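The structure appears below as structure tokens.
The values are calculated or read from the model by the stated rules, or taken from the named source; none is laboratory data. Given the structure is predicted, the values throughout are model-derived calculations rather than measurements. Every residue, glycine among them, receives a Cβ derived from its backbone with ideal geometry; neighbour counts consider all protein chains shown. Side chains are part of the model used for accessible areas, which takes the heavy atoms of the whole protein and leaves out ligands, DNA and RNA. Shrake-Rupley method; radii C 1.70, N 1.55, O 1.52, S 1.80 Å.
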Amino acid sequence: MLPTDYYAEIGGGAFRGDDFPAGGSVSGQGAWSAYARTGGDIGDNQSWRLGVYTLQSDVNSRTSNEDSVTFVGQSNLYAADLRYTLAPTGDATKQEIIFQTEIMRRDDDGTYNVGAGALSYDESSLGWYAQAIYKFEPAWRIGARYSRLDAADTPAGFAGSALDSEGHDPQTFSVMADWTNSEFGRFRLQYNREELDKGDEDNQVIFQYIMSLGAHGAHPY
């Protein structure tokens, strides 16, 4: 937390880097991350928060399970998120509107070992989501969310492989309603419509009970 009159926070980490989006046998540091967040109030019943994030990874040997091909190179992730809240009555415990969106870009630059040779790969994918949640009663909320991935282009030589999006950009639309029965638990009913593969849709109905154990906002012990 920075010693400023407004909310400001920075942080980061260093990692071994043997998991996705990095991968392979590494010694020492193989990935690092950094983030920054800031925000504030707008009057008495509105607030905002903006954040940026990056994850930089050295990829020594990342294997694709679908095609058993190996990627070696650099994989860098960049993200930015925005959150806005509004309490129409001035009391967020009774009524609140939350809007949140995030955009993420991943750049892969290196080579794929395919068969007896190596093919160069330098492509980017872009993903984002936007969601809104409306608390109209202290215990009741409704919400909607849309998410999309603009898949990386398919270079020559990768047609028909696991890296070939066939011109399809996956997307998901969700709606939900939940009821908070106590400070420890919440019931949620959610519907998702996913279009993950070209020409293939998946409709899901999910009923959840979410329970909090141990320290939480009401009892931090």
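The listed residues Val205, Val72, once ranked by accessible area (1.4 Å probe) with the largest placed first, stand as Val205, Val72. Since only Thr93, Val69, Leu119 are under comparison, the one whose Cα sits farthest along the positive direction of the charge dipole of region 67-221, derived from C-beta charges on Lys, Arg, Asp and Glu, is Thr93.
What net charge is computed for the residues neighbouring Thr38, neighbours being all others with C-beta under 9 Å from the C-beta of Thr38, Lys and Arg scored +1, Asp and Glu -1? Around Thr38, the surrounding residues sum to +1. Potential lengthening of the chain between His168 and Ile42 amounts to 41.3 nm, from the contour at 0.36 nm per residue minus the alpha-carbon distance. Given R0 = 25 Å, the distance between the Cβ atoms of Phe136 and Tyr35 translates into a calculated FRET efficiency of 0.15. One Cα centroid belongs to region 72-123, the other to region 187-204; the line between them spans 20 Å.
If R0 is 25 Å, what FRET efficiency do you get for Thr89 and Leu2 from their C-beta distance, rounded to 0.05? Display every interim value, and only then the final one.
On the way: r = 32 Å, r/R0 = 1.29.
The formula returns an efficiency of 0.20 here.
Indicate the gyration tensor shape class of region 61-158 (rounded, prolate or oblate), computed on the Cα atoms with a ≥ b ≥ c the square roots of the eigenvalues: a/c under 1.5 is rounded; otherwise a/b larger than b/c is prolate and the rest oblate. Because a/c hits 1.5 or more and a/b exceeds b/c, region 61-158 counts as prolate.
Taking R0 as 35 Å, what FRET efficiency do you get between Ser124 and Ile206 from their Cβ-Cβ distance, rounded to the nearest 0.05? Working from the Cβ atoms, E equals 0.65. Measuring only protein heavy atoms, the 1.4 Å probe finds Trp140 accessible over about 120 Å². Projected label points at Thr111 and Arg49, each 7 Å from Cα along the beta carbon direction, are separated by 4.4 nanometres. Taking the Cα centre of region 110-201 as reference, the dipole from Cβ charges on Lys and Arg (+1) and Asp and Glu (-1) amounts to some 600 debye.
In sequence order, region 178-184 has phi-based couplings of 9, 10, 8, 7, 6, 5, 9 Hz under the Karplus curve 6.51 cos²θ - 1.76 cosθ + 1.60, θ = phi - 60°, and Gly or Pro positions carry x.
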